[in-house]
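These notes are about the structure you will find just below.
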Amino acid sequence: MLNRAAVKKYSHFLFLATLILISAAAYPQSNPGQDSDSARVLALETLWNQAEVAKDASALDDLLANDFIYVDIDGSLQNKSQFLDSIQHPPEQIEIIGNDTLKTYLYHDTVIVSGTYHEKGTRNGKAYFRRGRFTDTWVRQGSSWMCVASHSTQIPR
């Protein structure tokens, strides 16, 4: 019999698998292997946004490699545990994060995603809206894709 934590973790994997399969089916298959990998990683990017809004560090933990590094819009560098802590205790209350443009670049067992995003929320009781550009590096580890590095830059208004 599964305990509550195991059921929660299993439900994250089930949700992720469903999202990946749906997203993979939505993309044309000119080169099935490459297109399938890109679709899977793009689905993971969407899952990342949803987990960040929900402050679900557990879901993000499953997407990030143990040696993950993150460069934030202010230039600060965070490791995986620091990044996950910032997700659980953010300085702002994020209402929505969405990707506007995404492009993938495949290199064997690596997918680079570059794109722009928008984020809306409140900070210190005041509404904010920001746009940014990001680059994420995903590496296939076994049958999974793990993000090993992420860099985000704010786009000035």
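The values are calculated or read from the model by the stated rules, or taken from the named source; none is laboratory data. Bear in mind the structure is a predicted one, so any value in this text is a computation, not a measurement. Neighbour counts are summed over all protein chains in view; Cβ atoms, including those assigned to glycine, are modelled from backbone coordinates with ideal geometry. Quick note on the areas: whole protein, heavy atoms, side chains included, nothing else; ligands and nucleic acids left out. Shrake-Rupley method; radii C 1.70, N 1.55, O 1.52, S 1.80 Å.
Accessible surface area normalised per residue over the range 73-157 is 60 Å², counting heavy atoms of protein chains with a 1.4 Å rolling probe.
Could you give the length gained on full extension between GLN78 and TYR107, defined as 0.36 nm per residue of separation minus the Cα-Cα distance, in nm? Here the answer is 7.9 nm. Taking a point 7 Å from the Cα of GLN93 along the Cα-to-Cβ direction, the residues of the range 54-68 with backbone N closer than 16 Å to it are 54-55.
How would you order 122-128, 69-75, 151-157 from highest to lowest mean count of nearby Cβ atoms within 10 Å?
On the way: 122-128: 9.9, 69-75: 14.6, 151-157: 12.1.
Descending packing order for the listed peptides: 69-75, 151-157, 122-128.
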